[in-house]
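Below: one structure, written as structure tokens.
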Amino acid sequence: MTRAILASIAGALCLAAGVAAQTTAPQWGQCGGQGWTGATTCPSGWVCTVSSPYYSQCLQGTAPPSSASSVSSAPGGGSPSSSSAAPGTTPTLIPGYSFIRSVEDPNYHQYLRSETINTVGTAVLGDPVDAAQFQILNGQLEQMVPDGTILYANVEPPANSSVVKLGVSWDTTPDTLGTFLWGGDTVEWNSATVTRPQNNAWLVCPDAAGNKLLFLNLGPYDYDTPTGCADETIHAYTGPYPTD
Ligand SMILES: *[C@@H]1O[C@H](CO)[C@@H](O)[C@H](O)[C@H]1NC(C)=O
């Protein structure tokens, strides 16, 4: 006990002197946050950066936790065949959260996020480097923005009875139409007022700018797929980094 405390203090004091103690958090590792009792110093060249009241992380240099530099909208929906998930920008999973990704072609391992990263607006899937992080709590699908803001997935109410898909967007207020839940690692949604045969059926429909918009599929999976859309299920991924 005493020894651990001393080691911790020593680690903090000696960092500047270049002592590589086990009390230095690893690259990309947690270095602070409410209740955190582990290392609070980062390797040389890495900065302990606050992501939320609950989580601080060692990041390279002084770069903000989420870089938008890799955002590109290739006309016609083209996406780079090899992801630009460079170590300098790849997000690291926060304990208790999940990445969420689609697994069926043509959207294999595309990750859920806001169209404009970390903001209110349309829900899309995109490259691993831009993956956002999520929890499902109290029937809400919550996106955790690095500044600590929670954005709730909101399902668009059906305009009429012939609508076959519903848009999904991120807002600061919770969804009132239905309930998000995990079915194993699969994201599902059901509602008392919206009838659908399959709670895990989603669609990805690119817009003219190539954004891969997420929709809730009101029909069965892989049946009468709307023109321009692809059937998808979306799943939690809890590896340390989003992978291609
Ligand atoms: C139903 O709503 C959709 C979406 O707003 C609209 O495009 C469509 O024309 C409507 N159909 C009918 C029959 O009202």
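All but one of (1) among the hydrophobic types (A, V, I, L, M, F, W, C); (2) more than 16 Å from the ligand (Cβ to nearest atom); (3) under 19 Å from the mean Cα position of the chain (by Cα) hold for Val155; state the number of the condition that does not hold.
Result: Val155 passes all but (2).
Might you let me know whether segment 122-138 holds any residue that is within 16 Å of the ligand (Cβ to nearest atom) and open to solvent by less than 20 Å² (accessible area, probe 1.4 Å)?
No - not one qualifying residue is present in segment 122-138.
Taking only segment 139-151 into account, find how many residues are open to solvent by 30 Å² or more (accessible area, probe 1.4 Å) and under 12 Å from Ile117 (Cα atoms).
Count: 1.
So in segment 22-49, with the set limited to residues that are surrounded by 17 or more Cβ atoms within 10 Å (Cβ to Cβ) and of a type in the set (Gly, Ala, Ser), which one is nearest to Gly148 (Cα to Cα)?
Among those that are surrounded by 17 or more Cβ atoms within 10 Å (Cβ to Cβ) and of a type in the set (Gly, Ala, Ser), it is Gly33.
Restricting attention to segment 189-200, which residues are closer than 14 Å to Leu214 by Cβ and either in a strand (DSSP E or B) or within 16 Å of the ligand (Cβ to nearest atom) (or both)? Break it down stepwise before answering.
Let us first name the residues in segment 189-200 that are closer than 14 Å to Leu214 by Cβ, namely 189, 200.
Of everything in segment 189-200, just one residue is closer than 14 Å to Leu214 by Cβ and either in a strand (DSSP E or B) or within 16 Å of the ligand (Cβ to nearest atom) (or both), namely Trp189.
Quickly run through segment 158-186 and pick out the residues that are in contact with a strand residue (DSSP E or B) (Cβ under 7 Å, 6 or more places away or on another chain), within 17 Å of Ala201 (Cα to Cα), open to solvent by 50 Å² or more (accessible area, probe 1.4 Å) and away from the ligand (no atom under 16 Å from the Cβ).
Thr179, Leu181, Trp182, Asp185
The values are calculated or read from the model by the stated rules, or taken from the named source; none is laboratory data. Because the structure is a prediction, the values reported are computed rather than measured. No Cβ is skipped: glycine too gets one built from the backbone with ideal geometry, and neighbour counts run over all protein chains shown. Note: accessible area is taken over every heavy atom of the protein model, side chains too, but ligands, DNA and RNA are not part of it. Shrake-Rupley method; radii C 1.70, N 1.55, O 1.52, S 1.80 Å.
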